[in-house]
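Trainee: After the structure tokens below, expect a handful of questions from me.
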Amino acid sequence: MVDEPLSPSAREDKQFLGQVFVDFIEVRLRRELPTLSRSEAAHHGQVALMIFRGILDELAIASPHARPRLQQAMRNAILRYLSPVLTESKAGRAVGSA
């Protein structure tokens, strides 16, 4: 069922939910890093969405016993991707303000 084509309505819903995810990441990044451009924050949101989608297919077919571990792996992967963005940008601000 995971590989079945989506109806037009389901594709729209999928795109909408993906954009909500990207917007959420963008807003959170810009709150932490006000100097980060919208396009740069959106780029990082898109990459985080790709990580999410990469694990989501496996999560959908995983046994109930395996799901918590995959969910944690998804969180870890996204946070580990975003951590250097936050760290490097904050470090750059500290150096620039010194």
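The values are calculated or read from the model by the stated rules, or taken from the named source; none is laboratory data. These numbers were taken from a predicted model, which means no experiment stands behind them. Please note: Cβ atoms are built from the backbone with ideal geometry, for glycine as well, and neighbour counts cover all protein chains shown.
Trainee: Which condition does Asn76 not pass, out of (1) at pLDDT 95 or above; (2) surrounded by 13 or more Cβ atoms within 10 Å (Cβ to Cβ), if it passes all the others?
Mentor: (2)
Trainee: Can you spot a residue in the range 62-72 that is under 23 Å from Thr87 (Cβ atoms), surrounded by fewer than 16 Cβ atoms within 10 Å (Cβ to Cβ) and at pLDDT 95 or above?
Mentor: Initial filter on the range 62-72 (under 23 Å from Thr87 (Cβ atoms)): 72.
In the following step, the residues that additionally are surrounded by fewer than 16 Cβ atoms within 10 Å (Cβ to Cβ) were identified as 72.
If we keep only those that are at pLDDT 95 or above as well, we get 72.
Taking every residue of the range 62-72 in turn, at least one turns out to be under 23 Å from Thr87 (Cβ atoms), surrounded by fewer than 16 Cβ atoms within 10 Å (Cβ to Cβ) and at pLDDT 95 or above.
Trainee: Taking the range 28-37 as the search range and keeping residues that are touching a residue at least 12 places away in the same chain (Cβ under 8 Å) and either within 15 Å of the chain's Cα centre (by Cα) or not in a helix (DSSP H, G or I) (or both), which one is surrounded by the fewest Cβ atoms within 10 Å (Cβ to Cβ)? Write out each step before concluding.
Mentor: From the range 28-37, those touching a residue at least 12 places away in the same chain (Cβ under 8 Å) are 29, 32-33, 35-36; that's our starting set.
Checking the rest, the ones that are also either within 15 Å of the chain's Cα centre (by Cα) or not in a helix (DSSP H, G or I) (or both) come to 29, 33, 35-36.
Details: Leu29: 23, Leu33: 18, Thr35: 10, Leu36: 17.
Step by step, filter the range 28-37, then rank; the result is Thr35.
Trainee: Which one of the conditions (1) over 10 Å from the mean Cα position of the chain (by Cα); (2) of a type in the set (A, V, I, L, M, F, W, C); (3) surrounded by 16 or more Cβ atoms within 10 Å (Cβ to Cβ) does Phe16 fail to meet, given that it meets all the rest?
Mentor: (3)
Trainee: Identify, from the list Gly45, Gly18, the residue that is over 15 Å from Ser83 (Cα atoms) and of a type outside the set (D, E, K, R).
Mentor: Working: Gly45 fails: over 15 Å from Ser83 (Cα atoms).
The unique qualifying residue is Gly18.
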